[in-house]
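The values are calculated or read from the model by the stated rules, or taken from the named source; none is laboratory data. It should be emphasised that the depicted structure is a prediction, and the values quoted were computed from it without experimental measurement. Note that each Cβ is placed from the backbone with ideal geometry, even for glycine, and that neighbours are counted across all protein chains shown.
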Amino acid sequence: MPIRRLGILTPSSNTVLEPMTQAMLAGLDEVSAHFSRFRVTEISLSKAALGQFDFEPILTSARLLAEARVDAIAWSGTSGGWLGFEIERELCRRIRAETRIPATTSTLALLEALELTGARALGWATPYIGEIQERIIATFAAAGFSCRAERHLSDRGNFSFAEIGEDRIERMVREVAAEKPDAAIIFCTNLRGARLVQRLEDELDLPIYDSVALALWKALALAGADPRRVRNWGRLFSVVPRNDAPA
């Protein structure tokens with residue numbers, strides 16, 4: 001099999017997504033993940049916090065990944081949830097224009113997964129403050145996805161998100177699952193949620209989409225690798241994504 005290299009854009013204060021991504025790839029000897037950081041230390045709607053997601057720092061990190069000749073680039077972050085899908089699509093277009101490498105994001109991958117599986121009523125589990133949560137729900141509502149239930153932890157993070165225990169994340173997922181959504185979403189790439197997904201899906205009979213897994217799922221497809229080879233990390237990896245970048 002040809003070697004496939006994935007480039008993953010990472011928030012500077014995130015300590016979860018790198019080891020979690022590597023764990024999901026453990027059985028795929030022909031795929032490697034390579035990470036490039038840019039500064040993200042707070043999640044809020046303040047001017048400074050929103051400015052962390054200006055394109056240029058992200059593009060600088062993408063250019064460094066391009067020097068490793070990666071086959072796809074994924075922004076493993078959820079800022080599109082409160083900034084909007086079009087900003088994320090434009091970021092992907094700019095990455096491709098500069099590097100000639102297809103790009104995606106966790107948020108756009110979630111949108112695609114929901115479209116492919118037909119899930120419309122969602123249950124959200126996040127660590128975010130209320131005004132960020134409201135923006136996320138509104139962004140997806142504008143695209144036709146309703147909020148059946150939500151739980152958030154009112155944390156500005158970003159480093160502190162990684163200190164939230166799996167038991168607390170599981171409790172949030174169970175609480176939103178009790179409202180019978182079409183899918184539950186663990187929406188943050190610095191939450192330790194991915195390892196919970198397979199067990200909770202089996203028990204609750206509910207698709208659960210984790211943001212770290214979503215970025216990897218789509219990046220694999222863009223790089224020409226089969227996401228279905230990732231086993232025991234949830235139903236998402238049984239879904240075949242489109243192999244094109246966001247339009």
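Which residue, of 89, 69, is at positive phi and either charged (D, E, K, R) or touching a strand residue (DSSP E or B) at 6+ places or on another chain (Cβ under 9 Å) (or both)?
So the residue among 89, 69 that is at positive phi and either charged (D, E, K, R) or touching a strand residue (DSSP E or B) at 6+ places or on another chain (Cβ under 9 Å) (or both) is 69.
Please tell me if residue 78 is in a loop (DSSP other than H, G, I, E, B) and crowded, with 23+ Cβ neighbours inside 10 Å.
Considered against the rule, which asks whether it is in a loop (DSSP other than H, G, I, E, B) and crowded, with 23+ Cβ neighbours inside 10 Å, residue 78 comes out as yes.
In the stretch 140-180, which residue that is in a strand (DSSP E or B) and not hydrophobic (A, V, I, L, M, F, W, C) is surrounded by the most Cβ atoms within 10 Å (Cβ to Cβ)?
For the stretch 140-180, the residue satisfying everything is 150.
Does the stretch 86-96 include one or more residues that are in contact (Cβ under 8 Å) with a residue 60 or more places away in the chain, over 22 Å from residue 186 (Cα atoms), touching a Gly at 6+ places or on another chain (Cβ under 7 Å) and of a type in the set (Asp, Glu)?
There is no residue in the stretch 86-96 that is in contact (Cβ under 8 Å) with a residue 60 or more places away in the chain, over 22 Å from residue 186 (Cα atoms), touching a Gly at 6+ places or on another chain (Cβ under 7 Å) and of a type in the set (Asp, Glu).
Select, from 137, 185, the only residue that is modelled with pLDDT of 95 or more, part of a helix (DSSP H, G or I), surrounded by 15 or more Cβ atoms within 10 Å (Cβ to Cβ) and not aromatic (Phe, Trp, Tyr).
Going through 137, 185 in turn, the sole match is 137.
Working only within the stretch 123-134, note down all residues that are touching a helix residue (DSSP H, G or I) at 6+ places or on another chain (Cβ under 8 Å) and either more than 15 Å from residue 111 (Cβ to Cβ) or surrounded by fewer than 16 Cβ atoms within 10 Å (Cβ to Cβ) (or both).
123, 125, 126, 127, 128, 132 - these are the residues of the stretch 123-134 that are touching a helix residue (DSSP H, G or I) at 6+ places or on another chain (Cβ under 8 Å) and either more than 15 Å from residue 111 (Cβ to Cβ) or surrounded by fewer than 16 Cβ atoms within 10 Å (Cβ to Cβ) (or both).
Here is a yes/no grid of residues against (1) in a helix (DSSP H, G or I); (2) not charged (D, E, K, R):
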residue: 26; (1), (2): no, yes
residue: 36; (1), (2): no, yes
residue: 42; (1), (2): no, no
residue: 68; (1), (2): no, yes
residue: 88; (1), (2): yes, no
residue: 92; (1), (2): yes, yes
residue: 112; (1), (2): yes, no
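Look through the stretch 97-119, keep the residues that are out of contact with any strand residue (DSSP E or B) (no Cβ under 9 Å at 6 or more places or on another chain) and free of Cβ contacts under 8 Å to residues at least 40 places away in the same chain, and return whichever of them is surrounded by the fewest Cβ atoms within 10 Å (Cβ to Cβ).
100
Let me confirm something: among 241, 246, which residue is at pLDDT below 95, closer than 28 Å to residue 29 by Cβ and not in a helix (DSSP H, G or I)?
Within the list 241, 246, the selection yields 241.
Quick check on this structure: which one of 72, 48, 33, 66 is out of contact with any Lys or Arg (no Cβ under 7 Å at 6 or more places or on another chain), surrounded by 14 or more Cβ atoms within 10 Å (Cβ to Cβ) and over 26 Å from residue 233 (Cα atoms)?
Working: 72 fails: over 26 Å from residue 233 (Cα atoms); 48 fails: surrounded by 14 or more Cβ atoms within 10 Å (Cβ to Cβ); 33 fails: over 26 Å from residue 233 (Cα atoms).
Just a single option satisfies the conditions, and that option is 66.
I need the full set of residues from the stretch 1-27 which are over 21 Å from residue 162 (Cα atoms) and either modelled with pLDDT of 95 or more or among the small types (Gly, Ala, Ser) (or both), in order please.
Pass one, the stretch 1-27, residues over 21 Å from residue 162 (Cα atoms): 1-7, 26-27.
4, 5, 6, 7, 26, 27, listed by residue number.
Restricting attention to the stretch 80-125, which residues are under 24 Å from residue 65 (Cα atoms) and of a type in the set (Ser, Thr, Tyr)?
Of everything in the stretch 80-125, those that are under 24 Å from residue 65 (Cα atoms) and of a type in the set (Ser, Thr, Tyr) turn out to be 99, 104, 105, 106, 107.
Among the residues of the stretch 44-66, write down those that are over 19 Å from residue 97 (Cα atoms) and either free of Cβ contacts under 8 Å to residues at least 12 places away in the same chain or in a helix (DSSP H, G or I) (or both).
46, 47, 48, 49, 50, 51
Return the residue satisfying two criteria in turn: it lies in the stretch 228-247 and is under 22 Å from residue 99 (Cβ atoms) and in contact with a Lys or Arg (Cβ under 9 Å, 6 or more places away or on another chain), and of such residues it is surrounded by the most Cβ atoms within 10 Å (Cβ to Cβ). Lay out the reasoning, then the answer.
Taking the stretch 228-247 and keeping what is under 22 Å from residue 99 (Cβ atoms), we get 241-247.
Then drop every residue that is not in contact with a Lys or Arg (Cβ under 9 Å, 6 or more places away or on another chain), which leaves 241-242, 245-247.
Numbers: 241: 20, 242: 13, 245: 20, 246: 23, 247: 7.
Restricting to residues being under 22 Å from residue 99 (Cβ atoms) and in contact with a Lys or Arg (Cβ under 9 Å, 6 or more places away or on another chain), the top hit is 246.
Looking at 235, 231, 156, can you tell me which residue is within 14 Å of residue 24 (Cα to Cα), in contact (Cβ under 8 Å) with a residue 40 or more places away in the chain and among the charged types (D, E, K, R)?
Details: 235 fails: in contact (Cβ under 8 Å) with a residue 40 or more places away in the chain; 156 fails: within 14 Å of residue 24 (Cα to Cα).
231 is the lone residue from the list that is within 14 Å of residue 24 (Cα to Cα), in contact (Cβ under 8 Å) with a residue 40 or more places away in the chain and among the charged types (D, E, K, R).
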